[in-house]
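These notes are about the structure you will find just below.
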Amino acid sequence: MAQDLLQERSLLSSEAARLLLMTAFVSASVLISTTPAPAAVTITEDTQYRYIHSDGLPDHATGKFPNPGNPNRVSAKAYRFRIAVKPVLARRITSLTNRILFGVGRNGIPFDPGTAEFYRNDPAGGWNYEALSGRIDLGLDEQNAHVQPDGAYHYHGLPAALMGYTSDGHSLLIGYAADGFPIYALKGYSVPDDPAAGITELHSSYRLREGRRSSGPGGEFDGTFVQDYEYVSGTGDLDECNGRFGQAPGYPEGTYYYVLTREYPYIPRCLKGAPDESFRKSGLSRGGGMSGAPDRRGPPAEAVAACRNSRDGEHCSFRAPHGTISGTCRPLGKETACVPAGHRQGPGGR
């Protein structure tokens, strides 16, 4: 089948190249296994990446699973997350979908705020139930967490067991987002770049829409659905991805960072940087099943960066989780990326 793809026209050839790139990055996908990792969680780093390996089992008490709202049982995993040590902002915001995890806690448990539940079980209708609305029972425990059908325990909101504060009251680091930026919870400096200004609880800039829904379930906007909320710049402390720039523990020179809040979106629903491939839930079901639509995500950010200052046809290389990939710079849709050696451009391609 791969050979057939390589014989198609330019469009399909670009898609084949993209798929080859993603295959080369398969070792960076979220790995799931019934065999636990050697340790509950290990965190190591080199000059480019921080690596969080986890068995996915929480290090704190959980609710009872299965329960009436969640029929699933917690089981061990073998997560392998890779996080940029020096993350950078992307040109475009990445909206989270059911294929991308927002991030991972320092205990190795994923932050995964979305749900697979829709009004009348119709994803095309666009009315996605909000897990923390209090209007749908998904069996969440006191950590605002529950379990996927495959046994993956994950957070939908503030995980009290992970939260802590410095001597001056600032939130401690609780984890890292998929793009590498740090995650804190609730409290930060009242003036982002001035620790002497004091501590305050940070608030989201999302608000309930006014009026009534014009389609779908009808009725007033009451927070039952994700679509009941809208971002209103300046109404809170945080941006559309529930983040801001400023100083924070571990980042005395300042950084962009995310904040988990008491109010929607609780856990951010978008990323300001490019997510690492290890946070993509390739082939995993979220209880509502996977869409049969083809995967149209772009080439890995590292492959694009390798050709940023190069011309079409020039040699290139970039680091993957388990080695260096060499190839040639080629156009893939709107991007130019490093395509691994061995890929042949199809008829009509450049």
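A short reminder: the numbers here are calculations on the coordinates, not readings from a lab. All values reported here derive from a predicted model rather than from experimental measurement. Here the Cβ positions follow ideal geometry from the backbone for every residue, glycine too, while neighbour counts run over all protein chains shown.
Values computed for the structure shown
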| quantity | calculated |
| --- | --- |
| Total formal charge among the other residues, if their Cβ is under 13 angstrom from that of Ala161, Lys/Arg +1 and Asp/Glu -1 | -2 |
| Neighbour net charge for Ser190 - beta-carbon separation under 14 angstrom, K R +1, D E -1 | -3 |
| Sorted by Cβ density within 10 Å, fewest first, the residues Leu140, Leu162 | Leu140, Leu162 |
| Inter-probe distance in nm under a simple model that places probes 7 Å from Cα toward Cβ, at Thr44 and Arg262 | 4.2 nm |
| Net charge of neighbours whose Cβ lies under 15 Å from the Cβ of Lys64, counting Lys and Arg as +1 and Asp and Glu as -1 | -2 |
| Theoretical gain in end-to-end length, Ala197 to Ala305 [0.36 nm per residue, Cα-Cα removed] | 35.0 nm |
| C-alpha center-to-center spacing [region 169-188, region 44-95] in angstrom | 14 Å |
| Gained length - Glu220 relative to Leu172, 0.36 nm times residue gap less alpha-carbon distance | 13.5 nm |
| For Lys86, Lys187, Lys77, order by how many other beta-carbon atoms lie within 10 Å, fewest first | Lys86, Lys187, Lys77 |
| Cα gyration tensor shape of region 198-289, rounded if a/c is under 1.5, else prolate or oblate by comparing a/b with b/c | oblate |
| When region 26-299 is reduced to its Cα atoms, the Kirkwood hydrodynamic radius in Å | 19.2 Å |
| Residue-span extension gain [Ser317 to Ser233] - 0.36 nm each, minus C-alpha spacing | 26.2 nm |
| Computed log₁₀ I(q)/I(0) - Debye formula, equal Cα scatterers, no solvent, region 211-264, q 0.13, 0.23, 0.29, 0.30 Å⁻¹ | -0.48, -0.93, -1.15, -1.18 |
